[in-house]
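The values are calculated or read from the model by the stated rules, or taken from the named source; none is laboratory data. All values derive from a computational prediction rather than experimental measurement. All Cβ positions, even for glycine, are placed from backbone atoms using ideal geometry, and neighbour counts span all protein chains on display. Ligands, DNA and RNA are stripped out before the accessible areas are found, and what is left, the full protein with its side chains, is counted by its heavy atoms. Shrake-Rupley method; radii C 1.70, N 1.55, O 1.52, S 1.80 Å.
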Amino acid sequence: MYYCMAKLIFVALLFCSFLSVSEQQYTPDWTSLDTRPLPRWYDESKIGIFLHWGLYSVPAISSEWMWWNWQGTNPVESIVAYMEKNYPPDWTYANFGPQFRADLYDPNEWADLFAASGAKYVVLTSKHHEGYAMWPSTFNFNWNSMHVGPKRDLLGDLAAAIRNRTNLVFGLYYSLFEWFNPVYLQDKSNNFTTQYFPETKTLPELRELVETYKPEIVWSDGEWEARDTYWNATQFLAWLYNESPVKDTVVVNDRWGSELLCKHGDFYTCLDRFNPGYLIEHKWENAFTIDKRAWAYRPIANIEDYMTIEELLKEVVTTISTGGNALVNVGPNMHGKIPPIFQERLRQMGSWLQVNGEAIYATKPWEYQNDTINPNVWYTSSQDNRFVYAFLLIWPKDSNEIILGAPLSSSRTIVTLLGSNADSVPWRVASGDRGIVIDVSAIKLHLLQSEWTWTFKLENISG
């Protein structure tokens, strides 16, 4: 009897403890919001795909900032000249709308490609700074993909394909502001003392996105002209964390006000293509582009404008070694096709991850991120500290030895090479207090399963 009562009390206490955690209410202030634990799935995923696709993919001039570069405060001369040469004098940006047909868009094809890339999540631009919505927004009448152009819910179709065909997490990018929206410009002319735009457009539209499509990443942007108090950012995030359909799994970035970069949010982005090269304790993300010059599709790009697979893997490895996630961007064209160069890079990354994924997914930074004497070596560690992974970015051409300065070896140390058929790789202690010398004389590069960035798995190693 006493045992049964004690067991019931224990179960009740355990249940109450669980309940108090799962039902924790966050108040609309950064002190409270910053206490929310990072959902584990995000840190373990490590790699995502970013998609910049919208009406700007039609003119495809310069970048996704084409409209601003054409008719903004300081127009770019070359863009103005291009438009004058190729379009009628009365042409407006809205005239591109009917040309955005997405006639070759196959979201299943996209989903299969992203799964093959080895990425674990995908983030689509739902609305960029031009204001055109990629779904039938209730708050964007006649300026969305259902009413103008494709006559289709482009966002919803991709969300369904991702969830039906893959295990990837679906997320959305959303621009808080819009360059030429008159309501936003009115608030701006009032020095943001009025909030007509966030109250009637941004916040209700964000809520519609979350409730309709249930994205588990809300990647905010376009925040930099006004403080977070203008956007009512903390009010939205408190609702997102407390009441939304994704409250337990959603993650957000740090772009919720002009003063917030690298200060608040589940993960920091700080700047575009942010990759500091050293360990940051708070979770962060490096959003970078395979096309080095733009986020959106550019038909004028040359081959040298694109990252090689070696450059791409270096960006991924150095990011994850220092505690970040890598968000790899590609730009589909106006027809809805992902250009072959992007497809190739993503599939190459996927083939590499099939061999080296254990050194990437669900790992953590090691005591050393970059080797102490070899700048081409970066490290990660398994969560249980059993294994250390050493990524070699460049294979030595004139030597049969690879020297690692950081590891402290022991008599039980074992070195293996991922993608090799050999049970182990010979090594010896380096001269001095620490470090090892790996003998690669017997390794035939052409027989390895990995063609770029090789991973040595070190067991019984300390830092």
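For this structure, a couple of remarks:
- When the range 319-372 is filtered for residues that are farther than 30 Å from Asp103 by Cβ and assigned to a strand (DSSP E or B), the ones remaining, listed by number, are Gly324, Asn325, Ala326, Lys364, Asn370.
- The condition of being at negative phi, open to solvent by less than 90 Å² (accessible area, probe 1.4 Å) and either modelled with pLDDT of 95 or more or not assigned by the TED database to the domain that holds Ala238 (or both) holds for Thr35.
- Count of residues meeting criterion [farther than 22 Å from Leu353 by Cα and in contact with a strand residue (DSSP E or B) (Cβ under 9 Å, 6 or more places away or on another chain)] in the range 77-124: 1
- Residue in the range 169-192 that is closer than 19 Å to Pro136 by Cβ, open to solvent by 10 Å² or more (accessible area, probe 1.4 Å) and among the basic types (Lys, Arg) present: no
- When the helices (runs of 4 or more DSSP H) confined to the range 189-271 are screened for residues that are more than 17 Å from Leu172 (Cα to Cα), those reaching at least 3 such residues are found at 228-231, 233-242.
- Here Leu104 passes the criteria (1) closer than 25 Å to Asp157 by Cβ; (2) part of a helix (DSSP H, G or I); (3) open to solvent by 10 Å² or more (accessible area, probe 1.4 Å) except the one numbered (2).
- Number of the condition not met by Phe192 [criteria: (1) out of contact with any Leu (no Cβ under 9 Å at 6 or more places or on another chain); (2) on the phi < 0 side of the Ramachandran plot; (3) among the aromatic types (Phe, Trp, Tyr)]: (2)
- Pairs meeting the criteria (first residue in the range 38-56 and closer than 17 Å to Val317 by Cα and in the same structural domain as Ala287 (by the TED database), second residue in a loop (DSSP other than H, G, I, E, B) and open to solvent by less than 10 Å² (accessible area, probe 1.4 Å), beta carbons under 6 Å, at least 6 apart or on different chains) are Lys46/Ile360; Ile47/Ala119; Gly48/Ala119; Ile49/Ala119.
- Tally of residues being surrounded by 18 or more Cβ atoms within 10 Å (Cβ to Cβ) and closer than 21 Å to Leu448 by Cα across the range 356-379: 6
- First in the range 382-400 and more than 10 Å from Thr363 (Cα to Cα) and open to solvent by 100 Å² or more (accessible area, probe 1.4 Å), second anywhere and in a loop (DSSP other than H, G, I, E, B) and modelled with pLDDT of 95 or more, Cβ under 9 Å, 6 or more apart: Ile394/Asn376; Ile394/Thr453
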